[in-house]
């Protein structure tokens, strides 16, 4: 769909349009609304799912929803509530509605409504809004929430969601990510509806674009699917991914893995379970995904790089990274590529606990071979709270050494530990309380917080890049910088 300004059309011609129309003014919409209401006859469609936001950029966003019957699609939007300036229509009869809004202004709040060409509004109130992403390369604050193993309809899932909503009540998100196993236990469409969409519809899905990654439970919806038929799985049907590099990054050509930019941060959403066209996996040295990751990271120009996927290279929670073949392979064959190419943070799920390392590099063996003196770039806690040995992890863009590894798989599923728990590579581990992570990145500072189901932040760390010599000296004394100057 392309954006085209249109002159005022008669009602008769408007109702006969067989293409997508864009960009009417508020006055023209008003006239269309009043004249079209006479055609509202009989039963109208009902909203079953959404709206939810996808594939966001500084100047565009995709709005999706589902109706109980086939219907045409309309999104009206503007910068003031109840005063729409533009609309986008699609005259195709569908139950899965996907409307892309283009030519938006960066970092701007828009209110929107969803409905049909007969002007039935399915949803549109003061809570239906989004804020476009900041301009690429911008140093302004971005806030990204991350949920792992969330969709099991448990009390823990609801508590974690509520705690996150409370946290962001006065600190709104920029976007949010999923680390897989988004709908238990088989990733079916019915489970996605009950355990994912219904639970996040009110304050997350309709306000903030979500960038997902798949887990093994998401693949259970169609376990016999070949690579050619993977797109038929509920996961791939339910989400719209930027496969052509339209949100930044190198085009992947597949919904399974992709990259995008938000502000000064580059994100990679990877698939640690599915096979590619050559029947290889992410962790196979010459897999299509691994080759794409190399190409994407070599082309990256953003200050920060965050990668996320489902299966963790280090864990002793509900899964054991020493004994499970896919976890071992990821650690032995794959993460060195990311470390060598400057990935700052890796976030995974799968293990239903929270675990977080220090700034480390080069540990590809079993847990017992982890050596802090050899593998830790920094021995600091990274807490950055003026306590002893709490300096932030310091990195230099010209010598971008070290990665922090986080397992955050307790946003729904919760608990469990193996004999080696806690893993030797982890500074902090917790398997009895659920939570979700929040990333706050501004300029040369990255901070991650673990927001728990009771609202408490039990762990956090800060990383900084390219600080001055004077700042480094102060930070290594466990002091905090005065950012107000």
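Looking at the chain, the DSSP beta bridges with both ends there are about 75 percent antiparallel.
Per residue, the convex hull spanned by the alpha carbons of the chain comes to 144 Å³. Once C-alpha pairs closer than 8 Å and six or more residues apart are averaged by separation and normalised to the residue number of the chain, the relative contact order reads 13 percent. Packing, taken as the mean count of other beta carbons within 10 Å per residue, orders the peptides 220-233, 332-345, 143-156 from highest to lowest as 143-156, 332-345, 220-233. Seen against the Cα atoms of the chain and their longest principal axis, helix 26-36 is set at about 60 degrees.
Between the helical axis of 155-167 and the longest alpha-carbon principal axis of the chain there is an angle of about 80 degrees. Taking every Cα-Cα distance in the range 207-285 and sorting them into 10 Å bins from zero, the calculated P(r) comes out as 18, 51, 27, 4 percent.
Cα extents for the range 371-485 along the principal axes, largest to smallest and rounded to whole angstrom: 45, 34, 26. Using Cα-only point scatterers and the Debye equation, what is log10 of I(q)/I(0) for the range 306-405 at each q in 0.21, 0.22 Å⁻¹, rounded to two decimals? Debye output, listed in q order: -1.16, -1.25. Which whole-angstrom value gives the distance between the alpha carbon centres of the range 160-206 and the range 207-231? Rounded to whole Å, the Cα centres lie 16 Å apart. In degrees, nearest 10, range 0 to 90: what is the angle between the Cα axis of helix 288-299 and the longest Cα principal axis of the chain? The helix 288-299 is inclined about 90 degrees to the chain. Report summary: the helix-based calculation at 222 nm, which adds -39500 (n - 2.57) for every DSSP H run with n ≥ 4 and divides by the residues of the chain, gives -4000 deg cm²/dmol. If you wrap the tightest convex hull around every Cα atom of the range 262-302 and split its volume per residue, you get 68 Å³.
Every read-out reported here was derived from the displayed coordinates using simple, explicitly stated rules and does not represent laboratory data. Everything quoted here is computed from the prediction, not taken from an experiment. Here Cβ is always computed from backbone atoms with ideal geometry, including for glycine, and neighbour counts include all displayed protein chains.
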